[in-house]
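Everything below concerns the one structure shown next.
The values are calculated or read from the model by the stated rules, or taken from the named source; none is laboratory data. Quick caveat: nothing in here was measured; it's all calculated off a predicted structure. Reconstructed Cβ throughout: ideal geometry from the backbone, glycine too, with neighbour counts over all protein chains shown.
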Amino acid sequence: MRAILFDLDGTLIDQFTAIHRAYARAMEELGLEPADYETVRGTVGGSADVTMTRLVGPELAPKGLEIYPPIFEEEMLIGLEAMPGALELLRALHENGEKTAVFTNKVGPHARAACDHLGFTPLLDLVIGVKDTPWRKPDPEFTQYVLDKLGTSAEESLLVGDSPFDFISADKVGMDCRLVTTGTHSAKELSDLDAISIHENLFDLANEAWGLDLR
């Protein structure tokens, strides 16, 4: 394996508390009733543009997207946690000499701030997100750009994520994908995708994919 690409939200980190608080505050500023935690969580994965449109509708979304970023920057480290096993997995892969990257639809600087805060950054070769390029997942150009930056090919690499966006991002360039159910989609919801495997958590993923016992 030449490189392993990881999604961020719902895969390596749990930032849903901060995300919910930021969207709820933005909705209040738009004069709307704030969405509850589960509603917001269920919309995450396709970038802030997609989430905002789903929450407030296409007419209010442009204004919401102006309001949201500074609010999120105030909230983003509050309650931020690594998914169980995330730091251990990244450390084990790093020690084994694997190339690893965070490949996310979170805005790039926000993704890097989260990785810095949780101690992921020294264990990663690349952290890249929305606005770092013209693309977003599942655009194949975005996936290929990351592979090129890592000096690897789709056939030699793997994407780990928690959503159909992740699977499609991998599939469009012919890359294998493994999925976890720690994010916004259940095993049943992911079962129609042709991923190599679906795992309950990162500990199970590490054991099945690489024979790593992180517990």
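State whether one or more residues within segment 168-180 are farther than 18 Å from MET83 by Cβ, over 14 Å from the mean Cα position of the chain (by Cα), in the same structural domain as LEU90 (by TED's automatic domain parsing) and at pLDDT below 95. No: segment 168-180 contains no residue that is farther than 18 Å from MET83 by Cβ, over 14 Å from the mean Cα position of the chain (by Cα), in the same structural domain as LEU90 (by TED's automatic domain parsing) and at pLDDT below 95.
Of the residues making up segment 117-137, those that are more than 16 Å from THR11 (Cα to Cα) and either out of contact with any Leu (no Cβ under 8 Å at 6 or more places or on another chain) or not assigned by TED's automatic domain parsing to the domain that holds ALA154 (or both) are PRO122, VAL130, LYS131, ASP132, THR133, PRO134, TRP135, ARG136.
Of everything in segment 50-78 that's in contact with a His (Cβ under 8 Å, 6 or more places away or on another chain) and in a helix (DSSP H, G or I), which residue is surrounded by the fewest Cβ atoms within 10 Å (Cβ to Cβ)? Of everything passing the filter in segment 50-78, GLU73 is surrounded by the fewest Cβ atoms within 10 Å (Cβ to Cβ). The numbered conditions (1) in contact with a helix residue (DSSP H, G or I) (Cβ under 9 Å, 6 or more places away or on another chain); (2) within 30 Å of TYR37 (Cα to Cα); (3) modelled with pLDDT of 95 or more are all true for ALA114 except (1). Within segment 152-162, is even one residue touching an Asp or Glu at 6+ places or on another chain (Cβ under 8 Å) and either β-branched (Val, Ile, Thr) or assigned to a loop (DSSP other than H, G, I, E, B) (or both)? Yes; the residues of segment 152-162 include at least one that is touching an Asp or Glu at 6+ places or on another chain (Cβ under 8 Å) and either β-branched (Val, Ile, Thr) or assigned to a loop (DSSP other than H, G, I, E, B) (or both).
Residues in segment 171-192 that are outside any loop (DSSP other than H, G, I, E, B) and free of Cβ contacts under 8 Å to residues at least 40 places away in the same chain: ASP171, ASP176, CYS177, ARG178, LEU179, ALA187, LYS188, GLU189, LEU190. Would you check if ALA114 is outside the structural domain of GLY183 (by TED's automatic domain parsing), within 30 Å of GLN144 (Cβ to Cβ) and crowded, with 21+ Cβ neighbours inside 10 Å? It is false that ALA114 is outside the structural domain of GLY183 (by TED's automatic domain parsing), within 30 Å of GLN144 (Cβ to Cβ) and crowded, with 21+ Cβ neighbours inside 10 Å. Looking for something closer than 22 Å to ARG136 by Cβ and surrounded by fewer than 22 Cβ atoms within 10 Å (Cβ to Cβ) - is there at least one such residue anywhere in segment 6-14? So far as segment 6-14 goes, yes, one or more of its residues are closer than 22 Å to ARG136 by Cβ and surrounded by fewer than 22 Cβ atoms within 10 Å (Cβ to Cβ). Only residues that are surrounded by fewer than 17 Cβ atoms within 10 Å (Cβ to Cβ) and closer than 22 Å to PHE167 by Cα were counted in segment 30-49, giving 2.
When segment 1-59 is limited to residues that are within 18 Å of the chain's Cα centre (by Cα) and at positive phi, the one that is modelled with the highest pLDDT turns out to be GLY10. Once segment 101-111 is narrowed to residues that are assigned to a strand (DSSP E or B) and crowded, with 20+ Cβ neighbours inside 10 Å, the residue that is farthest from the chain's Cα centre (by Cα) is ALA101.
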